[in-house]
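Nothing in this text is a laboratory measurement; each read-out follows from the coordinates by a stated rule. Owing to the predicted nature of the structure, the values given are computational and were not obtained by experimental measurement. Glycine gets a Cβ as well: all are built from the backbone with ideal geometry, and neighbour counts include every protein chain shown.
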Amino acid sequence: MSSYAILGATGNVGSSLLQLLSKNSTNEIHVFVRSRSKLFNLLPAVKDQSNVIVYEGQIQDVDLIAKCIHNTKAVFQATALSENVPGCSIATDTIKVVVEALRILRSQDDKEKLPKLVVLSSASVTDKFWKGVPRFVHRTIYNANCYIYDDLREAEKYLRDQQDWIAATFMKPGGLVSDVERGHELSLDECHTFMSFLDLAAAMIEVADTGDDRWDMKDVSLVPQTVGARFEYMAPYVLGKGLVACFFPQLYMSLRAWIP
Ligand SMILES: NC(=O)c1ccc[n+]([C@@H]2O[C@H](COP(=O)([O-])OP(=O)(O)OC[C@H]3O[C@@H](n4cnc5c(N)ncnc54)[C@H](OP(=O)(O)O)[C@@H]3O)[C@@H](O)[C@H]2O)c1
């Protein structure tokens, strides 16, 4: 039996992880969510699965997160914002709580094998995945998600500073879209736009299940095995909205309630 924890199981990535992991009834899956009812509306089958244990609460609750990740072999960090909101800090806030929770577990039992962390990030925060792409294209995409990416970079820096006692892998996909699982390969050099959330989830599980330390502290992306996912037609709109937020944050915040 393998145990995993998913933080942010109501999101696109988190719910894809839960869908894939819960196919195997021998897996024990601990999920952290802010709303149990939201999770059960999204994935009704999960409600009756005794191998899925739900921890409902706030991400700042270190004791709850410590219980959620205790005795797991891997923690999938998938709390996130998918909108470029000024001041976004969800990735860093979550990582700091997870590190604190790991400290608590270590202090309770210094022999306990700590879980490895598989952290959702983005190809956009790492230059090596942009080889051959004009710099202004990378800059534009970065700016359209600047607050999200600055937060991801800070979270990564914080975690890399703990590498003497924590093992983590930074998952850095290209563009993602809701689509079926089509097959992936892990890559340390290339990313691909678009991949499905399910393919990313499968890639994260592959990293978690790798028995050795080959992915520890690495930036890992994924490429399609055969053909990539469908095009996301909303991408140009989301890009435009993110650029407004980046360059006109006050205007964006004052209009946010009316922007679809
Ligand atoms: N979309 C892409 O093309 C793409 C490409 C590469 C990387 N990424 C990365 O993927 C991330 C977005 O992932 P996603 O699509 O899975 O996001 P999502 O669907 O918006 O899910 C976000 C998850 O985080 C939780 N969450 C948000 N704020 C929280 C808070 N304050 N406390 C606790 N939980 C909180 C949400 O819970 P609730 O349900 O309770 O709100 C939800 O479970 C971004 O960081 C982005 O950089 C995206």
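Figures for the structure shown
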{"read-out": "The stretch 3-258 - percent relative contact order, Cα under 8 Å, separation 6 or more", "value": "19"}
{"read-out": "Lys, Arg +1 and Asp, Glu -1 on Cβ, resulting dipole of the stretch 110-245 about Cα centre, debye, nearest 20", "value": "520"}
{"read-out": "Net charge dipole size for the stretch 3-258 [Lys, Arg +1 and Asp, Glu -1 on Cβ; Debye, nearest 20]", "value": "480"}
{"read-out": "For the stretch 3-258, share of DSSP beta bridges that run antiparallel, in % to the nearest 5", "value": "15"}
{"read-out": "Amide H contacts of Glu28 (H built 1.01 Å from N, under 5 Å, at least 5 apart or other chain)", "value": "Ser2, Ser3, Tyr4"}
{"read-out": "Pair Ser2, Ser82: separation of 7 Å Cα→Cβ label points (nm)", "value": "2.5"}
{"read-out": "Residue (of Ser2, Met195, Ser107) at the positive-pole extreme of the chain, dipole from beta-carbon charges", "value": "Met195"}
{"read-out": "Partners for Lys128 among lysines (Cα-Cα distance below 30 Å; same-chain residues under 8 apart left out)", "value": "Lys73, Lys96, Lys116, Lys157, Lys172, Lys218, Lys241"}
{"read-out": "Neighbour-limited loop hits for chymotrypsin sites (Phe, Trp or Tyr not before Pro), the stretch 123-179 (at most 16 other Cβ within 10 Å; DSSP other than H, G, I, E, B)", "value": "Trp165"}
{"read-out": "Ala45-Glu232 FRET efficiency (beta carbon distance; Förster radius 30 Å; 0.05 resolution)", "value": "0.70"}
{"read-out": "At 1.002 mPa s and 20 °C, Stokes D of the chain from Kirkwood alpha-carbon radius, µm² per second", "value": "114"}
{"read-out": "Rounded Å value of the spacing that divides the Cα centres of the stretch 80-113 and the stretch 199-260", "value": "20"}
{"read-out": "Cα-based equivalent ellipsoid, the stretch 55-202: semi-axes from gyration tensor eigenvalues, Å", "value": "29, 17, 15"}
